[in-house]
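**Student:** Structure in structure tokens, see below.
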Amino acid sequence: MSTYVPIVGLFALAAAFALFSVTAAPYVGPRRYNRAKIDAYECGIEPVDQPLTGGRFPVKYYLTAMLFIVFDIEIVFLYPWAVHNEALGVFGLVAMVVFIGTVFIAFAYEWRRGGLEWD
């Protein structure tokens, strides 16, 4: 049980800091209210009359996001495999070849759709 004391102490310290910060903020923070601070936050853009759906995003935006996700997931799975490559043996090699093959299919789709062409 004594090995968990530092972890419990760290959680208690974090909880105490969070409670103190939330409790002290109204008393310590500035109280200079104006119309801009009281208004609803709209990301700095003045609200205008437009449809609820807003404007349309170009397809390149989604293709770039998809490309990022594909390669991000690839790195997340390739790094642990590279670290424990010897322990996994032939099964790990076959599993990673199948995984890289599916990632390559997504990459080829992205390439065919024009996700790598920048205007």
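The values are calculated or read from the model by the stated rules, or taken from the named source; none is laboratory data. Since the structure is predicted, the reported quantities are computational estimates derived from the model, not experimental observations. All Cβ positions, glycine included, derive from the backbone under ideal geometry; neighbour counts span all protein chains shown.
**Student:** Which residues, taken from the range 78-113, are among the charged types (D, E, K, R) and either closer than 18 Å to T64 by Cβ or surrounded by 10 or more Cβ atoms within 10 Å (Cβ to Cβ) (or both)?
**Tutor:** Of everything in the range 78-113, those that are among the charged types (D, E, K, R) and either closer than 18 Å to T64 by Cβ or surrounded by 10 or more Cβ atoms within 10 Å (Cβ to Cβ) (or both) turn out to be E110, R112, R113.
**Student:** Taking the condition of being surrounded by 12 or more Cβ atoms within 10 Å (Cβ to Cβ) and either at pLDDT 85 or above or in contact with a helix residue (DSSP H, G or I) (Cβ under 7 Å, 6 or more places away or on another chain) (or both), how many residues in the range 39-70 meet it?
**Tutor:** 4
**Student:** Six or more apart or on different chains, Cβ under 8 Å: which pairs go from a residue in the range 1-22 that's in contact (Cβ under 8 Å) with a residue 60 or more places away in the chain and surrounded by fewer than 10 Cβ atoms within 10 Å (Cβ to Cβ) to one that's assigned to a helix (DSSP H, G or I) and of a type in the set (D, E)? Could you list them?
**Tutor:** From the range 1-22, no pairs qualify.
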